[in-house]
Amino acid sequence: MRDVSLTGKALSPGGTGKVMIELEGVEKWFGDFQALKGIDLQVGFRETVVVCGPSGSGKSTLIRCINRLEEHDRGRIVVDGTVVSDDLRDIQEVRRETGMVFQSFNLFPHLTILDNVTLAPIQVRHRPRKEAERLAMELLERVQIPDQANKYPGQLSGGQQQRAAIARALAMEPKVMLFDEPTSALDPEMIKEVLDVMEELAESGMTMICVTHEMGFARHVADRVVFMAEGGIVEVNTPEALFNDPKEDRTKLFLSQIL
Amino acid sequence: MSAPTATPGPDTVATPPQRRTTPTRWLRRNLFSSPANALLTLITGPLLLWAIVAFGRFLFVTGRWDIIEVNLTNFMVGGFPRDQLARLWIAMAIMTIAVTVGAGVTSATAAEAAVAAGRDPSVTLRERVQRAGPPLVLLLVLVVFVRTPLPVALLAGVLLLGVVGFRLGRGIPPRWRGRTYLAAVLAIIVALIAISAFGGVPRDAWGGFLLTLYYTVGALLLSFPIGVALALGRRSSLPVVRAGCSIFIEFFRGSPLIALLFVGWLILPFFLPVGFPTPDLVTRALIIFVLFTSAYVAEIVRGGLQAIPRGQREAAQALGLSPWKQTRLVILPQALRSVIPALVGQAISLYKDTTLVLIIGQIELLAVAQNVTQQEAFIGQGYIVETLVFVSLIYWVGSYWMSRESQRLETRLGVGTR
């Protein structure tokens, strides 16, 4: 049920019109290396944005700045009205509303899957254990691994681990989900099960930013695709427009190499 | 068509090939596999045999164990007033209950974890004997040397309490299990009160194995939290905290323990504020052990912290956990788990290092072994061999038991963690 008016106009929120995430002239330096060179981007409420581009183009850095895993040096980032700044309380506020899924899953190996999922709701949202466990089981059913609840991450396959990681992020009932190459560490036959979960999530109306190389997913699920190169946004458009009729040479080159 | 008997048909279950080995084959494979190994066997075999026979002769024929028999109480408690021994038995009973309740809780948790993982939770008799073996051997040796029936009866009572405590621990419902460590701390305090309060025995009168245990357990329990705090402090983002922790750690790791004990003995009293009561020598030595050990614990834990992948911290951050909860719930449990072997190594080393207090005039176990040979009945007759063998057994049992338990802990915690 995507109530999306696809304008195809660059930088306009593609969802319901309300802006969820706003980046304005965001710059990030690692020493002398500039990783982000003035990023301007708005992501609409309920919009799914796929970020793609060659490695080293700053895709991961971009979404890691949104929940302050990386500190941006210039510019402004606003998530659902909260400005991401040095203030720890603002950072915690943003992180509570933002779920993140990592390339290497980063499940907590010393906790069972159920405890992985309930940890943050109990410790951050102060939910009673019973309620948190009920919600966790619902989420595990949603990602189709309820039978793995009492196992440890090491006992699961990569695809199952990534789905558990998605359930863990969803347990905080976030308004935004960030995916940092969620399928890059998976064996080919497990990629689909993770993408299916992500697609279902997008259809349910979650606001999502996905860094991914899965062009099929981008074409099929994304409202807009952002193409990045050398720390800047080269082109933003609907998947149809971007893949079928890229405007920039850099985009054409990239697409010719991966498609 | 290849040999039809070689491939199992659909109805037969494939079994791994059986390896049969005869004694001759075993000998050839393990002892005479090459000329060099054969030579080694021919040299070390007789040597080993001779050592076993000589030691066995010493143990059962030539050894004069009367010195142990006469001085057993000295070995156990040193100069502890004999009319106050009841206090020690009470303390021992309290500690036994605390330890066995804890063991019961651990065993119940382990059994449940085994069931959850689909393994058989039952513990075989063989495993039980292997675990309890070393302490039981020591207990047996001690009982052999006891001359009066009362201590044996009391010991039996304590053992019985231990069994009751274990059963009790197993029956504690899961939601109260987290509290058992509080009970253990409480038990230690109560036990200490039972010994020294109400006109009891000051610590300077303690001795023998009692003193050894006090230093070991006390220094371990106190240095662990301090060490963890120092390790975290050394990785702090605040330069002042980082520098302070680094200086502390490097100072205590860079000083010989003996020198530090001398400091505690002779110099520490001068640094205390005027009017501040000087703690007794045992407490001063304990403080030195705590500071020294915590510096080593800090470095061990720091190693564990460094081994945790950065993604773990990031995942905890992304979930919105506060910095302290990221550390306490995600980073520390993994870091400590991975350094159990090194921590137990430190514990064993501390257990043996407590012998060093003999140079500041404390009569702990090793000092007793030396002192009793100076008694009129035994002086100048080389009894030191017997007493040293006896205390060696006590040190060995403690160290071996700790190392075995650490191995068990590793395998148990290792299940499904990676």
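Observations on the structure shown:
- B:Ile249 satisfies every condition listed in (1) free of Cβ contacts under 8 Å to residues at least 24 places away in the same chain; (2) in contact with an Asp or Glu (Cβ under 8 Å, 6 or more places away or on another chain) except (1).
Per-residue answers, yes or no, for (1) exposed (fewer than 10 other Cβ atoms within 10 Å of the Cβ); (2) modelled with pLDDT under 90:
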{"position": "B:Ser2", "(1), (2)": "yes, yes"}
{"position": "B:Pro10", "(1), (2)": "yes, yes"}
{"position": "B:Arg20", "(1), (2)": "yes, yes"}
{"position": "B:Phe32", "(1), (2)": "no, yes"}
{"position": "B:Ala54", "(1), (2)": "no, no"}
{"position": "B:Phe60", "(1), (2)": "yes, yes"}
{"position": "B:Val77", "(1), (2)": "no, yes"}
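- Residue list for region A:218-232, filter: closer than 18 Å to A:Glu181 by Cβ and in contact with a strand residue (DSSP E or B) (Cβ under 7 Å, 6 or more places away or on another chain): A:Ala218, A:Val221, A:Ala222, A:Val225, A:Val226, A:Phe227, A:Met228, A:Gly231
- For beta carbons closer than 8 Å, sequence separation of 6+ or different chains, a first residue in region A:151-175 that is more than 10 Å from chain B (Cβ to nearest Cβ) and without any contact (Cβ under 8 Å) to a residue 40 or more places away in the chain and a second that is among the polar types (S, T, N, Q) and buried (at least 21 other Cβ atoms within 10 Å of the Cβ), the qualifying pairs are A:Gln160/A:Gln148.
- Meets criteria (under 30 Å from A:Asp249 (Cα atoms), surrounded by fewer than 21 Cβ atoms within 10 Å (Cβ to Cβ) and away from chain B (no Cβ under 11 Å)) for A:Ser55: yes
- Taken over region A:113-170, residues that are under 18 Å from A:Lys192 (Cα atoms) and part of a helix (DSSP H, G or I) amount to 13.
- Meeting the requirement of 3 or more residues that are surrounded by 20 or more Cβ atoms within 10 Å (Cβ to Cβ) and out of contact with any strand residue (DSSP E or B) (no Cβ under 6 Å at 6 or more places or on another chain), the helices (runs of 4 or more DSSP H) wholly within region B:248-311 are B:281-306.
- Pairs where the first residue, in region B:307-327, is more than 7 Å from every other protein chain (Cβ to nearest Cβ) and the second is of a type in the set (Ser, Thr, Tyr) and part of a helix (DSSP H, G or I), C-beta under 9 Å, 6+ apart: B:Ala307/B:Ser338; B:Ile308/B:Ser338; B:Arg313/B:Thr327; B:Ala316/B:Thr327
- Taking the criterion of being crowded, with 20+ Cβ neighbours inside 10 Å and more than 15 Å from A:Pro174 (Cβ to Cβ), no residue of region A:85-103 qualifies.
- Scan region A:58-101 for residues that are hydrophobic (A, V, I, L, M, F, W, C), more than 10 Å from chain B (Cβ to nearest Cβ) and not in a helix (DSSP H, G or I) and the total you get is 5.
- The lone exception for A:Leu111 - which of (1) closer than 16 Å to A:Glu22 by Cα; (2) among the aliphatic types (A, V, I, L, M); (3) at the interface with chain B (Cβ under 10 Å from one of its Cβ atoms) it fails: (1)
- All positions within region A:133-164 that are under 21 Å from A:Ala222 (Cα atoms) and in contact with a Phe, Trp or Tyr (Cβ under 8 Å, 6 or more places away or on another chain): A:Gln162
- Check on B:Gln334, farther than 21 Å from A:Glu173 by Cα, of a type outside the set (Ser, Thr, Tyr) and either within 10 Å of chain A (Cβ to nearest Cβ) or in a helix (DSSP H, G or I) (or both): yes
- Counting only helices (runs of 4 or more DSSP H) that sit completely within region B:16-88, those holding 2 or more residues that are under 19 Å from B:Val391 (Cα atoms) and of a type in the set (Val, Ile, Thr) correspond to B:66-77.
- Region A:119-129: number of residues that are among the charged types (D, E, K, R) and away from chain B (no Cβ under 12 Å): 1
- Meets criteria (hydrophobic (A, V, I, L, M, F, W, C) and surrounded by fewer than 23 Cβ atoms within 10 Å (Cβ to Cβ)) for A:Met198: no
The values are calculated or read from the model by the stated rules, or taken from the named source; none is laboratory data. A quick note: this is a predicted structure, and the numbers were derived from the prediction, not measured. Using ideal geometry, Cβ is built from the backbone for each residue, glycine included, and neighbour counts are taken over all protein chains shown.
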